[in-house]
Amino acid sequence: MPALSITIIEDEEDISQLLRYNLEKAGYGVSAYESGEDGLAAIRACPPDLVLLDLMLPGMGGMDVCRMMKQDAATQDVPVIIISACGEENDIVAGLEQGADDYLPKPFSPKVLLARIRTVLRRVS
């Protein structure tokens, strides 16, 4: 069975590398993008099994990426977990209302993130 694919949209290189390392170590196939536009284009071209999405991105922000994914029939069923430094209650509520399946404030534990990924993937499979 092929590895499940996860797309990371994160502009901070150190966080993107940390995510990639932990996801690949857990057996996932990973692709990463630094901008909302590039990530959204890749998701539309080949929808992954799950998206990890930062909110504060250059150009198109993460909320717009999430909203556009959920409005597009080809990508609306792809689960999204927002990972953001915006950890206030209003930010979390806004992200979930835009269609995100989960929201994890930074800094985060890689173990908690992997548990949340497994949980979301279990719900959609």
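The values are calculated or read from the model by the stated rules, or taken from the named source; none is laboratory data. All of these numbers come straight from a predicted model, not from anything done at the bench. We place every Cβ from the backbone using ideal geometry, glycine too, and count neighbours over all the protein chains shown. We work out accessible area using only protein heavy atoms, side chains counted, and drop any ligands, DNA or RNA first. Shrake-Rupley method; radii C 1.70, N 1.55, O 1.52, S 1.80 Å.
Brief remarks on what is shown
- Accessible area of segment 3-78 belonging to carbon and sulfur atoms, whole % at 1.4 Å probe: 50 percent
- Rg/Rg_ref, segment 1-54, where Rg_ref = 2.2 N^0.38 Å and atoms are Cα: 1.05
- For the chain: Kirkwood Rh in Å [reciprocal of mean 1/r, alpha carbons]: 14.1 Å
- Here the sum of -39500 (n - 2.57) over DSSP H runs of 4 or more residues, divided by the residues of the chain, equals -14000 deg cm²/dmol at 222 nm, to the nearest 500.
- Filtered GluC sites (Glu not before Pro), segment 64-114: DSSP coil and at most 14 other beta carbons within 10 Å: GLU88
- Solvent-accessible area per residue, Å², over segment 35-83 with all protein chains present [probe radius 1.4 Å]: 39 Å²
- Once the Cα-Cα distance is subtracted from the 0.36 nm per residue extended length, the GLU37 to LEU96 segment shows a gain of 19.2 nm.
- Among LEU52, GLN76, THR119 - extreme Cα towards positive end, dipole of the chain, charges at beta-carbon: THR119
- Förster-model FRET efficiency, 30 Å R0, ASP72 and ALA3, C-beta, rounded to 0.05: 0.80
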